[in-house]
Each structure stands twice: as C-alpha cells, then as structure tokens.
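**Student:** Here you go, one structure.
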Amino acid sequence: MDLRKIDRLVHTKIMGWEESPYIAGYFREGAISLDLPHYSSSFAEAWPVVEKMKEARFSIRKRFIDELQREVTPEETKNRGNLIDAGWMIFFLTPKAICVAALKAVGVEVEEEE
C-alpha cells in the first residue's frame, strides 16, 4: 500500500477527519483541512498518531503495541517465529510502522507490500 493511501486512512480512521464531498479536503467538528499530513513518512506528523493511541481504550492501546512490535521486527527474526523485545522497538521505529500498527489496532486491513 502506498504511503499516501496510508496517510488518508490514518487521517480518517485514526485522527477523525472525514473526506469532504464538496471540496478536495477534510472536515472535523466544524474545521476544514485542505492538507493531508505525511503521517507515514514524517516522525513529526506520526507522533500525533501515537498520542491518539494513548487516548484510546486499553484494548486498542494493547493491540497498538502488539501490532507495532510485529511491524518493527525484522523479517529474518519473524521468519524464525520470534518478535523483538518491546524494549527494543524504539530502535526500529518508523513513521510508517506507527501508522500501520495504529490502523491494524482499530481493525483496518492494511495491504502488505510484497
């Protein structure tokens, strides 16, 4: 799945914006946004996603951490049936991993790249 598609999903499914049927933009609680943040390619843009996950109920927060652990574990480690220790996740963290984990935590299917 390309990064901008991930950004759109994060903007609508995680951050609470809705696509406008009238303009090329988004709206939420009376506000309008014409920009789509680059959540999946910028740590500065991805960090509000982490903050949003911190506000979610416990089961979603737990799923987010579990999914994040799966996302950042190197493929060769996963192929051996292991995941990296949660304490090591920060060393492998990427904006895309944050976004994909958040989407999966709320039940959004994310196409895997081949």
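**Student:** At a threshold of 8 angstrom on Cα-Cα distance, excluding pairs fewer than six apart, so keeping six or more, what relative contact order does the chain reach in percent?
**Tutor:** After rounding, I find 31 percent.
**Student:** What is the list of residues in segment 20-42 whose amide nitrogen lies under 13 Å from a point 7 angstrom out from the Cα of V108, following Cα to Cβ?
**Tutor:** 37-41
**Student:** Sticking with this one: Counting only helical runs of four or more DSSP H residues, what would the 222 nm mean residue ellipticity of the chain come to if each run contributes -39,500 (n - 2.57) and the total is spread over all its residues?
**Tutor:** -13000 deg cm²/dmol
**Student:** Expressed as a fraction of 2.2 N^0.38 Å, the rule-of-thumb size for a compact globular protein of N residues, what is the C-alpha radius of gyration of segment 61-108?
**Tutor:** Taking N as the residue count of segment 61-108, the ratio is 1.06.
**Student:** For the chain, with the dipole built from +1 on Lys and Arg beta-carbon atoms and -1 on Asp and Glu ones, taken about the Cα centre, which of T77, V49, H38 lies farthest toward the positive end?
**Tutor:** Of T77, V49, H38, it is V49.
**Student:** With just the Cα atoms defining each centre, how far is segment 46-112 from segment 1-36? Give it in Å.
**Tutor:** If we compute the Cα centre of each part, the gap is 22 Å.
**Student:** Between 0 and 90 degrees, rounded to the nearest ten: what's the tilt of helix 43-55 against the longest Cα principal axis of the chain?
**Tutor:** 90
**Student:** Using the C-alpha atoms of the chain, what convex hull volume per residue, in cubic angstrom, is computed?
**Tutor:** 114
Since every read-out is calculated from the coordinates, none of them should be taken as a lab result. Remember, predicted model here, so these are calculated numbers, not experimental data. Backbone-built Cβ (ideal geometry, glycine too); neighbour counts: all protein chains shown.
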